[in-house]
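Take a look at the structure below.
All of the numbers you see were taken from the coordinates with simple rules; none came from a lab. Since we're looking at a predicted model, the values are computed, not measured. For neighbour counting, all protein chains shown are included, and Cβ atoms are generated from backbone atoms with ideal geometry for every residue, glycine included.
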């Protein structure tokens with residue numbers, strides 16, 4: 001398996017959806033190729049860091065203001 | 001041929017009942033849906049537009065549009081996916097209006113292979129949270145995702161930040177599953193490459 005072949009499998013690998021016939025080859029490549037091992041690890045960290053850190057605040061004051069504005073327009077006028 | 005699953009055996013999502021009630025004019029039911037998804041809609045809009053005022057307007061517009069079009073929601077997809085699709089369309093429209101970027105469609109600006117081929121093979125040690133404080137880390141993450149073309153940023157946001165499945169992301173963006181997978185890979189690799197400038201292990205230097 002080449003590094004390009006490995007990259008093509010990366011998304012499925014994260015999802016646990018690599019074709020079982022290919023999985024052993026993918027795992028062997030990770031063991032043999034340090035570059036791809038690093039790419040795998042740092043890409044995994046890239047996903048995790050964006051998932052775990054809320055980078056845009058949504059403060060209560062803003063939430064309440066937006067919520068009130070939305071509901072004011074949805075409620076039927078009496 | 002796989003057996004066709006009987007709908008009776010599928011679990012019914014609690015949103016279905018809320019949507020049905022809202023369709024009949026029950027605003028309390030709609031309010032419950034707003035409460036459940038306002039944070040997500042705001043976050044998606046902010047990620048795509050990179051502008052807080054736009055994200056505020058989009059959040060309001062997306063829910064109002066959803067309310068007005070509730071009858072068109074057939075329940076073939078999750079309510080949240082349908083709502084996110086509205087929010088994405090509103091966000092892309094807003095970007096187009098702002099015209100601060102040359103290209104804002106889901107199809108343009110994704111032709112480039114720039115940054116999609118890994119070049120930096122340094123390990124990230126110590127890990128980013130050890131290397132940077134929360135504020136500094138937030139700045140790096142915002143700046144980095146901002147530099148990604150909108151088409152990639154949108155796919156990454158839905159799939160990796162909002163945790164939609166690949167199929168749901170495809171549905172929300174009107175793209176095929178292979179197109180989502182291809183853009184997701186390139187978005188992740190580009191972000192990884194850009195973040196590596198900050199997080200890569202330095203020889204004897206603790207920070208860049």
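Values as computed for the structure displayed
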| item | result |
| --- | --- |
| Flag if residue A:47 is facing another protein chain (nearest Cβ under 7 Å), surrounded by 13 or more Cβ atoms within 10 Å (Cβ to Cβ) and assigned to a helix (DSSP H, G or I) | yes |
| Helices (runs of 4 or more DSSP H) contained in the range B:114-208 and holding at least 3 residues surrounded by fewer than 21 Cβ atoms within 10 Å (Cβ to Cβ) and touching a residue at least 60 places away in the same chain (Cβ under 8 Å) | B:177-199 |
| Residue match in the range A:28-37 (condition: facing chain B (nearest Cβ under 7 Å), surrounded by fewer than 17 Cβ atoms within 10 Å (Cβ to Cβ) and out of contact with any strand residue (DSSP E or B) (no Cβ under 6 Å at 6 or more places or on another chain)) | yes |
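Residues are listed down the side, and each one gets a yes or a no for (1) touching a helix residue (DSSP H, G or I) at 6+ places or on another chain (Cβ under 7 Å); (2) more than 10 Å from chain B (Cβ to nearest Cβ); (3) under 17 Å from residue B:193 (Cβ atoms):
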{"residue": "A:4", "(1), (2), (3)": "no, no, yes"}
{"residue": "A:21", "(1), (2), (3)": "no, yes, no"}
{"residue": "A:55", "(1), (2), (3)": "yes, no, no"}
{"residue": "A:70", "(1), (2), (3)": "yes, no, no"}
{"residue": "A:75", "(1), (2), (3)": "yes, no, no"}
